[in-house]
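Here is the structure we will look at.
The values are calculated or read from the model by the stated rules, or taken from the named source; none is laboratory data. All of these numbers come straight from a predicted model, not from anything done at the bench. In this analysis, Cβ positions are derived from the backbone assuming ideal geometry, glycine residues included, and neighbour counts consider all displayed protein chains. When the accessible area is computed, the model is the full protein with side chains, heavy atoms only, and any ligands, DNA or RNA have been set aside. Shrake-Rupley method; radii C 1.70, N 1.55, O 1.52, S 1.80 Å.
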Amino acid sequence: MKKIVRNPVILLFMTRDEIEWEVALAAKEIRRVGLFVDWNSQIKSTPKELIGNPVEQCRHALRATGKKAAKLLCELENDTLFRVRIRLYHGWTSGVTQTTNRLAFRGIDEMHSPDELFPSSRVMAWSDVEFGDRLIDALPERETGRLRIHLPNTLRKQNGDAHPVEKMVDTALAADMLAWARQEPSSIMLIFSPDDDMVPPAYVAESWMKPYGGSLHLVRPPARAESKFLSLEGLLL
């Protein structure tokens with residue numbers, strides 16, 4: 001993560017991009033952004049030829065997500081700088097063992113320089129990429145084992161299922177949406193998820209943020225039949 005430094009002496013040791021960002025700070029507003037991503041939906045949208053190559057699948061999905069987020073943010077506000085906190089929600093562990101998709105991130109260079117995910121000089125990472133099995137606002141004593149996560153075993157077999165299924169992932173995303181709305185009410189929240197289960201927490205988070213100038217946006221495919229009864233005007237991007 002690049003740090004903002006105003007000491008003139010330290011400017012000598014900054015990169016060109018960091019200096020340009022520093023100069024821009026004096027003239028433009030900075031908005032904090034929470035980018036919450038249903039990772040399963042992003043993986044499913046990757047090209048078919050990447051199936052079976054989890055590292056390349058994750059790399060493609062991560063780049064596509066960053067590109068789309070940057071585009072949407074720059075369209076929302078024309079003269080603003082954005083600091084983005086990226087959080088990904090998925091079945092990251094089976095028991096306490098990290099899954100193939102979670103381990104794939106170790107081979108992605110952008111994980112070590114998350115600013116590179118956003119192809120815009122107005123959009124920079126606020127933090128490293130974070131994973132939703134460690135909740136924003138849960139107590140540290142609820143963390144489990146050496147992984148220091150709150151929610152192990154988010155990918156599991158049950159009831160004789162042939163394939164493992166995700167558990168606690170949607171509710172983790174919903175919980176973090178509400179926690180973020182309370183902690184950062186003047187920010188922008190982007191929710192990358194096609195799931196209508198995200199609509200109830202979106203309604204509540206929106207109501208908490210709106211009085212403080214914050215906004216929430218659902219990023220999903222064009223309206224589907226099951227969404228036609230919901231009042232989503234102004235929420236969908």
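Observations on the structure shown:
- Considering the stretch 123-160, the residues that are under 30 Å from ASP79 (Cβ atoms) and of a type outside the set (A, V, I, L, M) include one that is modelled with the highest pLDDT, namely GLU130.
- Residue in the stretch 64-79 that is at pLDDT 95 or above and in a strand (DSSP E or B) present: no
- In this entry, HIS163 passes the filter for residues that are more than 18 Å from the chain's Cα centre (by Cα) and modelled with pLDDT under 95.
- Qualifying residue in the stretch 197-213 (condition: surrounded by 16 or more Cβ atoms within 10 Å (Cβ to Cβ) and in a loop (DSSP other than H, G, I, E, B)): no
- Residue satisfying all of: in the stretch 216-234; open to solvent by less than 50 Å² (accessible area, probe 1.4 Å) and without any contact (Cβ under 8 Å) to a residue 60 or more places away in the chain; farthest from LEU72 (Cα to Cα) among these: SER227
- SER187 meets the conditions (1) closer than 23 Å to SER41 by Cα; (2) buried (at least 17 other Cβ atoms within 10 Å of the Cβ) in every case but one. The failed one is (1).
- Considering the stretch 27-72, the residues that are among the β-branched types (Val, Ile, Thr), within 19 Å of LEU88 (Cα to Cα) and out of contact with any His (no Cβ under 6 Å at 6 or more places or on another chain) include one that is most open to solvent (accessible area, probe 1.4 Å), namely VAL55.
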